[in-house]
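A.B. asks: Below you'll find the structure I mean.
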Amino acid sequence: MKIKIIYPDTAKHSSGRRKLLKILKWPFLAALIACPIVNVCVGGKAWSIIAVAGIAMVWSLVFAPDLVEYNRLSQSVKAILYACIMLILIDVFLVSGWALLVVPIVCLGGLILSSVLFFSDCRKQKQNMLPMLFLVIIAVIAAIAGLFIWKDEVSWPFLAMGGAAVAQLIACIIALRGEFIRELQKRFHIK
Amino acid sequence: MKVKNTFEEYKDQLSADELELLSSFFSEFDAHVILPKKERVRMRKDFQNAILYYSNTGIALQTALSRLDLKNLGGFYARPAISWYPLDDAAKIYPLSMEHGRMSVFRMSAYLKAAVVPELLQIALSFTIKRFPSFATTLKKGFFWHYLDASKRRYAAEMEILTPCQPISVSQSGSPAFRVMYFEKRISVEFFHVLTDGTGGMTFLKCLVAEYLRLIGIEAEDKSCVWDINQSPHTSEVANEFANVKRPKASTSFADKEAVQLGGKLTRHKPHRVLHFKLRSDELKAAAQRNGCTITAYMLALMFVAGKFATDELSGDMSIQVPINMRKFYPSKTVRNFSMYCGVRMPICDITDISSIVKTVSEQLTEKAAHESVSKMLTSTERLVNSLVWVPLVIKLPAARLIYGFMGDNSFTTTLSNMGIVEMPKELSEHIESMDFILGTAINNRAGCGMVTFKNTTTLSVAKNTVDPSFEEKLYELLCAEGLSVEVEGSERYED
């Protein structure tokens with residue numbers, strides 16, 4: 001069977017990223033298995049939980065990015081949420097007593113960052129609004145819960161976080177007006 | 001000192017009248033294209049390149065500007081993007097099941113008689129895309145389902161440098177779910193299945209090629225078989241027809257028992273090789289008639305025999321998936337997905353030679369591709385989609401990947417998608433050599449076959465996912481033994 005070649009030579013364009021991922025997969029997997037084993041053998045605090053969460057976070061953010069909606073807003077929100085989860089885990093499993101103060105402040109920082117990213121290019125970023133909206137909703141819920149549960153311990157970080165979230169939501173509605181509703185219709189459609 | 005670019009140099013040679021003509025053309029351009037600056041500059045450059053091409057080929061400026069008439073842009077680039085489209089029922093699975101390096105992509109190509117002029121193809125694409133608003137979109141995540149969000153931008157026609165049917169990056173803001181490419185005499189369009197099926201894809205390719213040929217200077221008198229790109233898109237053309245048709249109450253199961261896979265180790269790089277078997281349609285039709293069946297049934301029989309030769313398995317069933325165009329049963333103009341599929345299945349021990357299996361294949365095809373059978377599948381699809389409506393995407397995604405990864409395409413040995421006969425206006429057909437259709441959707445299947453007929457050439461395209469050449473070699477041998485003239489074209493083996 002004689003084949004006439006009618007396609008360009010693509011040898012030079014083979015995927016370097018795919019090769020890199022293939023190589024990196026193994027040390028990541030090894031670390032994922034080794035950390036809990038070493039932790040159990042050595043004993044002490046459950047640091048391996050933080051290590052495993054960190055590995056998962058790096059893999060998800062750096063090596064296996066989102067296939068849909070990979071943009072600066074979604075990645076920033078994702079990184080902030082991961083950071084908050086990591087901080088909570090560190091507080092629970094390693095050194096306790098500071099997360100109630102730090103996590104809302106980090107989340108507040110995240111809200112400010114997402115606001116800057118959104119309002120600096122509102123026309124384009126309105127298409128990427130959903131992750132920011134999630135962060136706002138999570139922040140509002142967390143602030144209400146925080147103020148209700150820990151009202152005698154620390155209240156100002158929760159107040160600041162909740163206030164910023166509500167302000168961001170209002171600013172977003174004012175900036176987008178009718179488009180805000182249209183964006184919500186798209187994002188929550190069930191058709 | 002500012003260095004003049006080629007277009008500036010070109011302008012220096014023009015007369016005052018011509019300069020005025022050009023100036024009014026570009027001021028009209030500014031009214032038609034209200035995109036972000038970067039995009040606008042690129043589009044302006046596209047038109048400048050096209051004008052330069054015309055000038056270099058001795059075409060007068062007036063003629064060039066009349067071919068590039070900006071009314072062909074319509075208001076598409078001047079209005080903000082506000083429309084959006086929920087995915088049709090068949091498309092919903094594609095974004096859920098895609099992974100890094102794996103995506104359901106298919107390609108359609110037209111082979112012209114002369115080398116493609118990239119400058120004019122780019123303009124043809126800019127003119128054509130407005131007629132297909134559901135293609136001028138970007139894939140987005142909703143809370144429950146993905147959807148297509150309108151994206152007004154310059155869609156680029158690029159030189160082909162990749163293996164056919166490679167995943168399309170749909171992750172960035174505004175990134176399209178299709179790509180237009182050219183290589184020598186070939187114009188190709190690759191689609192992520194989320195946008196359209198073969199029929200919709202072919203409608204687009206035909207419009208693109210017709211518009212490209214018009215820009216070259218070839219006009220057709222009767223354009224009834226190609227959409228007029230300057231007509232307004234109609235709602236019915238972007239409709240999710242799955243939701244509109246009357247379905248039977250009875251449904252059918254998607255799951256089927258595992259089929260025998262062709263032999264050979266799966267390559268990491270998919271497809272590993274693409275082959276086109278170019279056949280004479282009249283000979284193929286005569287061969288099918290000799291066997292008392294349709295061309296699809298005849299080709300399926302050939303594939304069963306070649307498939308048996310390409311595996312070491314001695315027991316089990318071979319099954320070939322055959323997509324069915326639902327527009328046959330429910331007339332529709334939609335360019336969204338509106339296809340179902342059926343599986344033609346045979347025990348491997350019953351596969352002997354073409355003449356002895358062709359009757360069974362034909363009977364199965366008639367029965368399984370019948371209105372009633374595929375309508376049951378339509379009902380199943382709708383029920384499945386409805387049952388998942390209120391499940392958030394964040395839960396659907398990992399579940400779908402797990403199920404799809406587990407089941408994959410194991411219930412089929414291979415696929416044969418026959419696009420049928422493609423018609424183009426007579427004047428344009430004279431400038432088109434042939435067409436092909438490549439399926440790049442396989443996971444575990446070692447081969448996927450697409451077939452399309454243009455004029456007297458039927459092209460059977462095989463996308464191979466294994467180095468083992470026995471399937472295509474046997475297929476070639478069978479075609480020759482049947483007395484058909486076969487020309488084989490294709491790619492080198494891609495690096496794994």
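A.B. asks: If you wrap segment A:1-129's Cα atoms in a convex hull and average its projection over all directions, what's the area in nm²? All intermediate terms of the calculation are to be shown ahead of the outcome.
C.D. replies: Working: hull surface 54.9 nm².
The Cα convex hull of segment A:1-129, projected and averaged over all directions, gives 13.7 nm².
A.B. asks: Turning to a different aspect of this structure: What is the Cα convex hull volume of segment B:6-68 when expressed per residue in Å³?
C.D. replies: Spelled out: Cα convex hull of segment B:6-68, divided by residues, is 80 Å³.
A.B. asks: Calculated from DSSP H runs of 4 or more alone, at -39500 (n - 2.57) each and per residue, what is the 222 nm mean residue ellipticity of chain A, nearest 500? Could you put the intermediate results ahead of the total?
C.D. replies: Working: 8 runs with 139 residues, N = 191.
Counting only the DSSP helices, I get -24500 deg cm²/dmol.
A.B. asks: Also, I was wondering about something else. In terms of solvent-accessible area of protein heavy atoms at a 1.4 angstrom probe, what is the ranking of A:K151, B:K206, highest value first?
C.D. replies: Values: A:K151 125, B:K206 30 Å².
Descending accessible area places them as A:K151, B:K206.
A.B. asks: A further question on this structure: Select from A:P131, B:L215, B:F132 the residue farthest towards the positive end of the dipole of the protein assembly as shown; place +1 on Cβ of Lys and Arg, -1 on Cβ of Asp and Glu, and compute about the Cα centre.
C.D. replies: The listed residue farthest towards the positive side: A:P131.
A.B. asks: Sticking with this one: Relative to the longest principal axis of chain B, what angle (0 to 90°, nearest 10) does the C-alpha long axis of helix B:16-32 take?
C.D. replies: 50 degrees
A.B. asks: Sticking with this structure for a sec: Going through segment A:4-64, which trypsin sites (Lys or Arg not before Pro) have at most 16 other Cβ atoms within 10 Å and a DSSP loop state?
C.D. replies: Taking segment A:4-64 and a limit of 16 other Cβ atoms within 10 Å, the loop trypsin sites (Lys or Arg not before Pro) found are A:K45.
A.B. asks: Measure nothing but the geometry: give the 0 to 90° angle between the long axis through the Cα atoms of B:198-216 and the longest principal axis through the Cα atoms of chain B, rounded to 10°.
C.D. replies: On a 0 to 90 degree scale, this one is about 30.
A.B. asks: So, one more: From the convex hull of the Cα coordinates of segment B:75-198, what is the mean projected area in square nanometres?
C.D. replies: Value for segment B:75-198: 8.0 nm².
A.B. asks: Same structure again: Would you work out which of B:T57, B:L19, B:H32 lies farthest towards the positive end of the dipole of segment B:6-68, given +1 charges on the beta-carbon of Lys and Arg and -1 on that of Asp and Glu, about the Cα centre?
C.D. replies: The residue sitting farthest along the positive end of the dipole is B:H32.
A.B. asks: Related question: Stokes-Einstein at 25 °C, 0.890 mPa s, Kirkwood radius from Cα pairs: D for segment A:1-75 in µm² s⁻¹?
C.D. replies: 154 µm²/s
A.B. asks: Quick query: amide H of B:S434 versus all other amide H atoms, modeled in the peptide plane; which residues come in under 5 Å with a sequence gap of 5 or more or a different chain?
C.D. replies: Amide H neighbours of B:S434: B:Y111.
A.B. asks: If each residue of separation counts as 0.36 nm, what is the full-extension length gain between A:S96 and A:L147 once their alpha-carbon separation is subtracted?
C.D. replies: 16.4 nm
A.B. asks: Separate question: Short version: ³J(HN,Hα) in whole Hz for each residue of segment A:32-41, in order, from phi by Karplus 6.51 cos²θ - 1.76 cosθ + 1.60 (θ = phi - 60°), x for Gly and Pro, what are they?
C.D. replies: Couplings: 4, 7, 5, 3, x, 5, 4, 4, 5, 5 Hz.
A.B. asks: Could you check the spin-label model distance between A:A175 and B:F143? Points 7 Å from the Cα along Cα→Cβ, value in nm.
C.D. replies: Between A:A175 and B:F143, the simple spin-label model gives 2.1 nm.
A.B. asks: So if R0 is 56 Å, what FRET efficiency would B:D353 and B:K396 give, r being the distance between their Cβ atoms, rounded to the nearest 0.05?
C.D. replies: It comes out at approximately 0.75.
A.B. asks: With only alpha-carbon atoms in the gyration tensor, what are the semi-axes of the equivalent ellipsoid for segment B:339-496, in Å, largest first?
C.D. replies: Taking √(5λ) for each Cα gyration eigenvalue gives 31, 21, 20 Å.
A.B. asks: State the Kirkwood hydrodynamic radius of segment B:361-402 in Å, one decimal place, computed from all pairs of distinct Cα atoms.
C.D. replies: Computed over segment B:361-402, the radius equals 12.4 Å.
A.B. asks: Further question: Are there any trypsin sites (Lys or Arg not before Pro) in segment B:1-65 that are in a DSSP loop and have at most 13 other Cβ atoms within 10 Å? List them by number.
C.D. replies: Here the sparse-neighbourhood loop sites are B:K2, B:K4.
A.B. asks: Considering the options B:V486, B:Y155, B:I82, tell which one lies farthest towards the positive end of the dipole of the protein assembly as shown, charges being +1 on Lys and Arg and -1 on Asp and Glu at the Cβ, about the Cα centre.
C.D. replies: B:I82
A.B. asks: Under a point-charge model restricted to the Cβ atoms of Lys and Arg (+1) and Asp and Glu (-1), what is the dipole moment magnitude of chain B relative to its Cα centre, in debye to the nearest 20?
C.D. replies: With only Lys, Arg, Asp and Glu charged at Cβ, the dipole is about 1540 debye.
A.B. asks: Now a separate question. Carbon-plus-sulfur fraction of the accessible area of segment A:20-64, 1.4 Å probe, in percent?
C.D. replies: Details: 2330 of 2760 Å².
Carbon and sulfur atoms account for 84 percent of the accessible area of segment A:20-64.
A.B. asks: Using a 1.4 Å probe on the protein heavy atoms only, what accessible surface does B:E423 show? Give it in Å² to the nearest 10.
C.D. replies: Accessible surface of B:E423 is approximately 110 Å².
A.B. asks: Counting Lys and Arg as +1 and Asp and Glu as -1, each charge on the Cβ, what is the dipole of segment A:69-191 about the Cα centre in debye, to the nearest 20?
C.D. replies: On the way: 11 positive and 7 negative charges, 141 e Å.
Using only the charged Cβ atoms, the result is roughly 680 debye.
A.B. asks: Considering all projection directions equally, how large on average is the shadow of the alpha-carbon convex hull of the protein assembly as shown, in square nanometres?
C.D. replies: Quarter of the Cα hull surface area: 36.7 nm².
A.B. asks: May I pose another question? I need the shape label for segment A:20-64. Rule: rounded when a/c is under 1.5, else prolate if a/b > b/c, else oblate, with a, b, c from the alpha carbon gyration tensor.
C.D. replies: Numbers: a/c = 5.41, a/b = 1.88, b/c = 2.87.
Cα axes put segment A:20-64 in the oblate bin.
A.B. asks: Given a Förster distance of 22 Å, report the FRET efficiency between B:H100 and B:S253 from their Cβ-Cβ distance, rounded to the nearest 0.05.
C.D. replies: 0.15
A.B. asks: For n ≥ 4 DSSP H runs only, could you compute -39500 (n - 2.57) per run for chain B, divide by its residues and tell me the 222 nm figure to the nearest 500?
C.D. replies: Value at 222 nm, helices only, nearest 500: -11000 deg cm²/dmol.
A.B. asks: For B:Q13 and B:K185, compute 0.36 nm times the residue count separating them, minus their Cα-Cα distance, and round to one decimal in nm.
C.D. replies: Here the segment from B:Q13 to B:K185 would lengthen by 58.7 nm.
A.B. asks: Ok, one more. Rounded, prolate or oblate: which fits segment B:144-272, taking a ≥ b ≥ c as square roots of the Cα gyration tensor eigenvalues, rounded meaning a/c under 1.5, else prolate when a/b beats b/c? Let's see the in-between values first.
C.D. replies: Values: a/c = 1.71, a/b = 1.21, b/c = 1.41.
The shape class here is oblate.
A.B. asks: Can I ask one more? Need one value: the accessible area of A:L100 in square angstrom, 1.4 angstrom probe, rounded to the nearest 10.
C.D. replies: 40 Å²
A.B. asks: If you don't mind, another one. To the nearest 0.05, what FRET efficiency results for B:A370 and A:D66 with a Förster distance of 45 Å applied to their C-beta separation?
C.D. replies: 0.60
A.B. asks: Dipole magnitude of the protein assembly as shown about its Cα centre, charges +1 at Lys/Arg Cβ and -1 at Asp/Glu Cβ only, in debye to the nearest 20?
C.D. replies: 1460 debye
A.B. asks: Next up: Give the angle, between 0 and 90 degrees and rounded to the nearest 10, that separates the Cα long axis of helix B:371-387 from the longest principal axis of the Cα atoms of chain B.
C.D. replies: The two axes meet at around 70 degrees.
A.B. asks: Note down, for segment A:115-161, the three equivalent ellipsoid semi-axes (square root of 5 times each alpha carbon gyration tensor eigenvalue), biggest first, whole angstrom.
C.D. replies: In descending order, the three semi-axes are 29, 11, 4 Å.
The values are calculated or read from the model by the stated rules, or taken from the named source; none is laboratory data. Just so you know, these numbers come straight off a predicted model, no measurement behind them. Counting neighbours? That spans all protein chains shown, and the Cβs are built from the backbone with ideal geometry, glycine included. The protein model used for the area step is the full one, side chains on, heavy atoms only, and it has no ligands, DNA or RNA in it. Shrake-Rupley method; radii C 1.70, N 1.55, O 1.52, S 1.80 Å.
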